[in-house]
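Chemist: Please see the structure below; I have some questions.
The values are calculated or read from the model by the stated rules, or taken from the named source; none is laboratory data. A quick note: this is a predicted structure, and the numbers were derived from the prediction, not measured. Cβ sites come from the backbone with ideal geometry, for glycine too, and all protein chains shown count toward neighbours. These accessible areas exclude ligands, DNA and RNA; they are computed on the full protein's heavy atoms, side chains included. Shrake-Rupley method; radii C 1.70, N 1.55, O 1.52, S 1.80 Å.
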Amino acid sequence: MRHSNLFTNRILYLLPLVCLVLALAVCMPAFYTDAVPAQAQQDRPAAAWITPRGADKPFFVIGANYEGPTDWAWQMWEDDKFDPALIDADFARARSLGINTLRIFVQTPLRDDINGGDFSKLDAVTALAREYNMWLILTFTDWAEPDLLEAGELNGRIAAHLAGEPSILAYDVKNEPQFTDIVGAIYPSDIVTVPMQAPDLIAVYGERVSRADIGDYRRGEGRAVIPSRMTDEQAHVMANYYKLYVEFLGAGSAWVGTHAGTTTLDYMDSPDSESWRPYLSGLDATLQAWVNTQMDPVRAADSGRLITVGYSNVVFAKLASNRELSFQSVHRFTSHGQAGLMGTFRVLDNLQRTFAPQPVLLEEFGYPGQVRAVGGGVAGFDPRTTANLEGAVWTYLYGNGFAGGAKWMLNNFPQGYDPAQNSYGLFDDRGNPKITAHSLRHISELFGRSSPGSMSAVRPERNSAAGYAYTARDALIVGGETYSSTNVIYTAAAPSQLIVGTSAGTVTLFATDVATAELNLPGIFRLPTSEIGRINLTGLDPQGQPWTPALPRLAGDWLQIKLSPTYRYRLSVVPRAVERAVSQPGSNSVYFEQTGHNLGGEFLAYWQSHGGLSIFGYPLTEPFTENGYTVQYFERNRFELHPENQPPYNVLLGRLGADSTSERDFAQVEPFESGPDHRYFPETGHSLNYAFLGYWDRNGGLAQFGYPMSEEIREKSATDGKEYTVQYFERARFEYHPEYKGTSAEVLLGLLGVGAMKDKGWLP
């Protein structure tokens, strides 16, 4: 956003909306079975986070722009307004929404402090970022500074001070540089290549403003274009290049008008723009000099730190010299509605193609809650529409491999003169979360544990909203008034949003409007209706407090749930097989009074021949159908009957160890040569040592437990609350009990079956 005095003047661009749908796969509630396995979200980006999204699921920026507390936006660095306690509260609110990155700005009061050798305010903010485990994008020179050497010198001193500061994700050269900032800057005298300050291109394209007319131009049309410090000769060059720039934009606009579904960036790719190549080449070389002059001191002071430029001017964002940046950043603000969304998505897609494999970050975006009305006054927008459109942007970014986004902005600014600028916040004038903030909290939670999915086409809806569906293995995000699929039907009173997620066999639901959600229970939970016992529905109110929802209605296979806006619902379906059973007489069946369940047939044979009670524990269910297979849960695992396999592989163990750690990221170890007490597994990059290795070997090894999924770690037991050394395997968790050293109980198996059933809501 472009800042003017304390405020920002924003140009609204047209933006498109996205569509979202949900789905789950084997061993989980299923909305969509054609999907990639879930990966754990990295809370901190690895060194290679700016590579295209792949199987390793790199860090995704869920960000917001931060100009300070609500009452003091654009004034946060001033001596009488800098308040670490208020900033602390804002950082806490941001983190509560799942925001992992804040973009802040070096403004004139902070500049003056730093020029006086005082970094205390900046240090206080970086310390808060560390405390809340958030990243900062620091944008330099957020004022009109034409002298690039002076800007670069200050940037270098800031970077030297922050070298090694762990909270800094990236440096941003400048917020929204425009033509006059770049072409009209003061370059060092030793820089030879500044084509847009030399007259050569005037000979190529012809004169648009004559030398004789430059005085009149400066006093009139060019008053806001030509800096007063320039000589008439310098002004003559800049005036002609500015006129050419306006002509280029006009040519691009005319071309887009005859080429549906395109933007000016597509015109720049087209042979139809060939005549503009010399001009764009000169603009590109000038931009390169502009960036390097300000960033070379930063690179020297803080080598390796990521560097970007936050462009609202998409022509500058497209220029090839930006490839020298660490990643690309663009700002987009459009009118409400589907057409605006589509315009933004086309710009993003073009930049992603242009700079592949570098990532593209949507560094500023958002929708205001109100604007100036035609004829005076203020026209407001439905807050459900804001959540609908911004949710579409988030899901488009995540589903299409972008580096992330940053909402403009964290807080409202009620003291401003511009109704739109005053109402962009995720939090309102009193610091309360808006509907779009509640939505972001649920979206960020899903992105934190789910691999990217796919986006449907976007359709226009009433109230300037959009209809869409984003589907992933364990997430569904729907925008619009209605949605229907094999397993989910959604109907709302107005165009809004439905967010559905699954984890460990439970389903969460969230809506931004009064709505009805109908769920196909056999399709989602992979459990026949005849085997469904209890249906549990719990909830949290908008403040996160426990709340009892109205009872859902079951009609055949479909469960109908009435949803209240911004309330969270959690659904679990308990199989009849969990209920205590009666003893089944017979020689091939054993009844366990301790848990009230029978064990018989092939499961009994497997249990007896592979370790029995000490390895698997007691049965916790009767056999039942789950995901198309007959299964039975035990304290420490799950048996699965696979009749397609010949014995002894017709009974397989569930991968409960892998399932329970799917959202965790365990550091691997360097390969080493295995020996009697240590063994390395290249398949997972983990090792097995001493007592755990001995237990693994004695009790079935790979076939029984699978590969190690972690190293030995310290972890508190959910059973007794004590901390133990544990290690996770595909089908088990080993626990070391030094109090039993030298006995058979020195290594015990964790109660993964109990844990899985609790996660599914089957056990209290």
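Chemist: Checking the conditions here, which among Gln352, Gln370 is within 15 Å of Gly405 (Cβ to Cβ) and open to solvent by 10 Å² or more (accessible area, probe 1.4 Å)? Quick ask: steps written out before the conclusion?
Modeler: Working: Gln370 fails: within 15 Å of Gly405 (Cβ to Cβ).
So the residue among Gln352, Gln370 that is within 15 Å of Gly405 (Cβ to Cβ) and open to solvent by 10 Å² or more (accessible area, probe 1.4 Å) is Gln352.
Chemist: Please indicate, with yes or no, whether at least one residue in segment 670-685 is modelled with pLDDT of 90 or more, within 18 Å of Tyr736 (Cβ to Cβ) and surrounded by 20 or more Cβ atoms within 10 Å (Cβ to Cβ). Quick ask: steps written out before the conclusion?
Modeler: Taking segment 670-685 and keeping what is modelled with pLDDT of 90 or more, we get 670-685.
Checking the rest, the ones that are also within 18 Å of Tyr736 (Cβ to Cβ) come to 677-679.
Right, trim to surrounded by 20 or more Cβ atoms within 10 Å (Cβ to Cβ) and you get none.
Checked segment 670-685: no residue is modelled with pLDDT of 90 or more, within 18 Å of Tyr736 (Cβ to Cβ) and surrounded by 20 or more Cβ atoms within 10 Å (Cβ to Cβ).
Chemist: Would you point out the residue of segment 694-709, among those that are in a loop (DSSP other than H, G, I, E, B) and of a type outside the set (A, V, I, L, M), that is modelled with the highest pLDDT?
Modeler: Restricting attention to segment 694-709, the residues satisfying the condition of being in a loop (DSSP other than H, G, I, E, B) are 699-700, 706-707, 709.
So of that shortlist, the ones also of a type outside the set (A, V, I, L, M) come out as 699-700, 706-707.
Values: Asn699: 90, Gly700: 88, Gly706: 93, Tyr707: 96.
Among residues in segment 694-709 that are in a loop (DSSP other than H, G, I, E, B) and of a type outside the set (A, V, I, L, M), the one modelled with the highest pLDDT is Tyr707.
Chemist: Right, something else. In this structure, is Gly257 on the phi > 0 side of the Ramachandran plot and surrounded by fewer than 19 Cβ atoms within 10 Å (Cβ to Cβ)? Step through it out loud before you land on a result.
Modeler: Numbers: on the phi > 0 side of the Ramachandran plot: no; surrounded by fewer than 19 Cβ atoms within 10 Å (Cβ to Cβ): yes.
Here the answer is no, as Gly257 does not meet what is asked.
Chemist: If we scan segment 374-381, do we find a residue that is in a loop (DSSP other than H, G, I, E, B), surrounded by fewer than 24 Cβ atoms within 10 Å (Cβ to Cβ) and modelled with pLDDT of 95 or more? Even if it seems obvious, please write down each step before you answer.
Modeler: Within segment 374-381, the subset in a loop (DSSP other than H, G, I, E, B) is 374-377, 381.
Subset that is surrounded by fewer than 24 Cβ atoms within 10 Å (Cβ to Cβ): 374-377, 381.
Next cut, modelled with pLDDT of 95 or more only: none.
The answer is no, given that none of the residues of segment 374-381 is in a loop (DSSP other than H, G, I, E, B), surrounded by fewer than 24 Cβ atoms within 10 Å (Cβ to Cβ) and modelled with pLDDT of 95 or more.
Chemist: Further question: For segment 336-369, which positions are farther than 15 Å from Ala387 by Cβ and in a strand (DSSP E or B)?
Modeler: Of the residues in segment 336-369, the ones farther than 15 Å from Ala387 by Cβ are 338-340, 342-364.
Across segment 336-369, the qualifying residues are Val360, Leu361, Leu362, Glu363, Glu364.
Chemist: Follow-up. Go through Leu102, Leu86, Leu110 for me and flag whichever is open to solvent by less than 20 Å² (accessible area, probe 1.4 Å) and either closer than 26 Å to Ser444 by Cα or modelled with pLDDT under 95 (or both). Can you show your working first?
Modeler: Numbers: Leu86 fails: open to solvent by less than 20 Å² (accessible area, probe 1.4 Å); Leu110 fails: either closer than 26 Å to Ser444 by Cα or modelled with pLDDT under 95 (or both).
Only one candidate passes the filter, namely Leu102.
Chemist: Condition first: surrounded by 14 or more Cβ atoms within 10 Å (Cβ to Cβ) and farther than 18 Å from Glu730 by Cα. Can you find one or more residues in segment 643-653 that meet it? Steps first, please.
Modeler: So the first thing to find is which residues in segment 643-653 are surrounded by 14 or more Cβ atoms within 10 Å (Cβ to Cβ), and the list is 650-653.
In the following step, the residues that additionally are farther than 18 Å from Glu730 by Cα were identified as 650.
There is at least one residue in segment 643-653 that is surrounded by 14 or more Cβ atoms within 10 Å (Cβ to Cβ) and farther than 18 Å from Glu730 by Cα.
Chemist: Here's something else I'd like to know. Evaluate segment 313-326: report whether one residue or more is under 30 Å from Thr566 (Cα atoms) and surrounded by 21 or more Cβ atoms within 10 Å (Cβ to Cβ).
Modeler: No, every residue in segment 313-326 fails to be under 30 Å from Thr566 (Cα atoms) and surrounded by 21 or more Cβ atoms within 10 Å (Cβ to Cβ).
Chemist: Consider Arg430 against the criteria (1) under 22 Å from Asp90 (Cα atoms); (2) open to solvent by 40 Å² or more (accessible area, probe 1.4 Å); (3) touching a strand residue (DSSP E or B) at 6+ places or on another chain (Cβ under 9 Å): it satisfies all of them except one. Which criterion is unmet?
Modeler: For Arg430, the failing item is (3).
Chemist: Still on this structure, I have one more. Kindly indicate whether Leu265 is in contact (Cβ under 8 Å) with a residue 60 or more places away in the chain, open to solvent by 60 Å² or more (accessible area, probe 1.4 Å) and either touching a His at 6+ places or on another chain (Cβ under 9 Å) or not in a loop (DSSP other than H, G, I, E, B) (or both).
Modeler: Details: in contact (Cβ under 8 Å) with a residue 60 or more places away in the chain: yes; open to solvent by 60 Å² or more (accessible area, probe 1.4 Å): no; either touching a His at 6+ places or on another chain (Cβ under 9 Å) or not in a loop (DSSP other than H, G, I, E, B) (or both): yes.
Against the criterion (in contact (Cβ under 8 Å) with a residue 60 or more places away in the chain, open to solvent by 60 Å² or more (accessible area, probe 1.4 Å) and either touching a His at 6+ places or on another chain (Cβ under 9 Å) or not in a loop (DSSP other than H, G, I, E, B) (or both)), Leu265 does not qualify.
Chemist: When Ser439 is evaluated against the numbered criteria (1) closer than 30 Å to Asp665 by Cα; (2) polar (S, T, N, Q); (3) modelled with pLDDT under 95, which criterion, by number, is the only one it fails?
Modeler: Of (1) closer than 30 Å to Asp665 by Cα; (2) polar (S, T, N, Q); (3) modelled with pLDDT under 95, only one is false for Ser439: (3).
Chemist: Filter segment 184-196 for residues that are modelled with pLDDT of 95 or more and either polar (S, T, N, Q) or open to solvent by less than 10 Å² (accessible area, probe 1.4 Å) (or both) and give the result.
Modeler: Within segment 184-196, Gly184, Ala185, Met196 meet the criteria.
Chemist: Six or more apart or on different chains, Cβ atoms under 7 Å: show the pairs whose first residue is in segment 665-677 and at negative phi and whose second is surrounded by 12 or more Cβ atoms within 10 Å (Cβ to Cβ) and polar (S, T, N, Q).
Modeler: Asp665/Gln42; Phe666/Ser710; Val669/Ser687; Asp677/Asn689
Chemist: Working only within segment 166-183, note down all residues that are open to solvent by less than 30 Å² (accessible area, probe 1.4 Å) and either part of a helix (DSSP H, G or I) or out of contact with any strand residue (DSSP E or B) (no Cβ under 9 Å at 6 or more places or on another chain) (or both).
Modeler: Across segment 166-183, the qualifying residues are Phe179, Ile182, Val183.
Chemist: Just need a number here: residues in segment 710-733 that are in a strand (DSSP E or B) and either at pLDDT 95 or above or open to solvent by 30 Å² or more (accessible area, probe 1.4 Å) (or both). Lay out the reasoning, then the answer.
Modeler: The first filter runs over segment 710-733 and keeps only residues in a strand (DSSP E or B), leaving 713-716, 723-729, 732-733.
Still in the running and either at pLDDT 95 or above or open to solvent by 30 Å² or more (accessible area, probe 1.4 Å) (or both): 713-716, 723, 725-729, 733.
The number of residues fulfilling the criteria is 11.
Chemist: Shifting gears a bit: Determine, yes or no, whether Ser329 is surrounded by fewer than 22 Cβ atoms within 10 Å (Cβ to Cβ) and either polar (S, T, N, Q) or in a helix (DSSP H, G or I) (or both).
Modeler: On the way: surrounded by fewer than 22 Cβ atoms within 10 Å (Cβ to Cβ): no; either polar (S, T, N, Q) or in a helix (DSSP H, G or I) (or both): yes.
Considered against the rule, which asks whether it is surrounded by fewer than 22 Cβ atoms within 10 Å (Cβ to Cβ) and either polar (S, T, N, Q) or in a helix (DSSP H, G or I) (or both), Ser329 comes out as no.
Chemist: Return a yes/no flag: does segment 199-215 have any residue that is open to solvent by 50 Å² or more (accessible area, probe 1.4 Å) and in contact with a Lys or Arg (Cβ under 8 Å, 6 or more places away or on another chain).
Modeler: From segment 199-215, those open to solvent by 50 Å² or more (accessible area, probe 1.4 Å) are 199-200, 203-204, 207-208, 211-213; that's our starting set.
After this cut, where a residue has to be in contact with a Lys or Arg (Cβ under 8 Å, 6 or more places away or on another chain) as well, the list is 208.
There is at least one residue in segment 199-215 that is open to solvent by 50 Å² or more (accessible area, probe 1.4 Å) and in contact with a Lys or Arg (Cβ under 8 Å, 6 or more places away or on another chain).
Chemist: Now, a different point. Can you list the strands (runs of 3 or more DSSP E) lying wholly within segment 475-589 that have 1 or more residues being within 23 Å of Thr395 (Cβ to Cβ)? Reasoning before the result, please.
Modeler: Working: elements: 475-484, 488-503, 506-511, 515-520, 532-540, 553-555, 558-563, 568-575.
It comes to 475-484, 488-503, 506-511, 515-520, 532-540, 558-563, 568-575.
Chemist: Looking at (1) touching a strand residue (DSSP E or B) at 6+ places or on another chain (Cβ under 9 Å); (2) surrounded by fewer than 20 Cβ atoms within 10 Å (Cβ to Cβ), can you tell me which one Pro414 breaks?
Modeler: Among (1) touching a strand residue (DSSP E or B) at 6+ places or on another chain (Cβ under 9 Å); (2) surrounded by fewer than 20 Cβ atoms within 10 Å (Cβ to Cβ), Pro414 violates only (1).
Chemist: Looking at segment 383-401, can you tell me whether even one residue there is within 19 Å of Phe333 (Cβ to Cβ), open to solvent by 20 Å² or more (accessible area, probe 1.4 Å) and in a helix (DSSP H, G or I)?
Modeler: Taking segment 383-401 and keeping what is within 19 Å of Phe333 (Cβ to Cβ), we get 383, 385-397.
Subsequent filtering for residues that are open to solvent by 20 Å² or more (accessible area, probe 1.4 Å) retains 383, 396.
Cutting the leftovers down to in a helix (DSSP H, G or I) gives us 383, 396.
The answer is yes, given that some residue of segment 383-401 is within 19 Å of Phe333 (Cβ to Cβ), open to solvent by 20 Å² or more (accessible area, probe 1.4 Å) and in a helix (DSSP H, G or I).
Chemist: Could you grab me the full set of residues in segment 613-623 that are open to solvent by 10 Å² or more (accessible area, probe 1.4 Å) and modelled with pLDDT of 95 or more?
Modeler: Tyr618, Leu620, Glu622, Pro623
Chemist: Residues to consider are Ala40, Ala92; find the one that is out of contact with any strand residue (DSSP E or B) (no Cβ under 7 Å at 6 or more places or on another chain), surrounded by fewer than 19 Cβ atoms within 10 Å (Cβ to Cβ) and modelled with pLDDT of 95 or more.
Modeler: Unique residue meeting the criteria: Ala92.
Chemist: Please state which of the following conditions Thr661 fails to meet, knowing it meets all the rest: (1) over 23 Å from Leu748 (Cβ atoms); (2) touching a residue at least 60 places away in the same chain (Cβ under 8 Å); (3) of a type in the set (Val, Ile, Thr).
Modeler: The one condition Thr661 does not meet is (1).
Chemist: Regarding Leu162, is this residue over 28 Å from Pro227 (Cα atoms), out of contact with any Asp or Glu (no Cβ under 6 Å at 6 or more places or on another chain), modelled with pLDDT of 95 or more and crowded, with 19+ Cβ neighbours inside 10 Å? Steps first, answer last, please.
Modeler: Details: over 28 Å from Pro227 (Cα atoms): yes; out of contact with any Asp or Glu (no Cβ under 6 Å at 6 or more places or on another chain): yes; modelled with pLDDT of 95 or more: yes; crowded, with 19+ Cβ neighbours inside 10 Å: yes.
Answer is yes for this residue.
Chemist: Right, Ala504: in contact with a helix residue (DSSP H, G or I) (Cβ under 9 Å, 6 or more places away or on another chain) and under 23 Å from Gln338 (Cα atoms) or not? Give the derivation first.
Modeler: Working: in contact with a helix residue (DSSP H, G or I) (Cβ under 9 Å, 6 or more places away or on another chain): yes; under 23 Å from Gln338 (Cα atoms): no.
No.
Chemist: For segment 585-595, does any single residue satisfy the condition of being touching a residue at least 60 places away in the same chain (Cβ under 8 Å), open to solvent by less than 90 Å² (accessible area, probe 1.4 Å) and not β-branched (Val, Ile, Thr)?
Modeler: Step one: of segment 585-595, the residues touching a residue at least 60 places away in the same chain (Cβ under 8 Å) are none.
No: zero hits.
Chemist: Right, here's the next one. Do we have any residue at all in segment 275-293 that's more than 25 Å from Pro188 (Cβ to Cβ), polar (S, T, N, Q) and over 37 Å from the mean Cα position of the chain (by Cα)?
Modeler: Checking segment 275-293: at least one residue is more than 25 Å from Pro188 (Cβ to Cβ), polar (S, T, N, Q) and over 37 Å from the mean Cα position of the chain (by Cα).
Chemist: Name every residue in segment 690-703 that is open to solvent by 10 Å² or more (accessible area, probe 1.4 Å) and over 12 Å from Val726 (Cα atoms), in order of residue number. Don't jump to the end; show me each part of the working.
Modeler: Of all residues in segment 690-703, those open to solvent by 10 Å² or more (accessible area, probe 1.4 Å) come to 690-691, 694-700, 702-703.
Once the filter is applied, which keeps residues that are open to solvent by 10 Å² or more (accessible area, probe 1.4 Å) and over 12 Å from Val726 (Cα atoms), segment 690-703 yields Tyr690, Gly694, Tyr695, Trp696, Asp697, Arg698, Asn699, Gly700, Leu702, Ala703.
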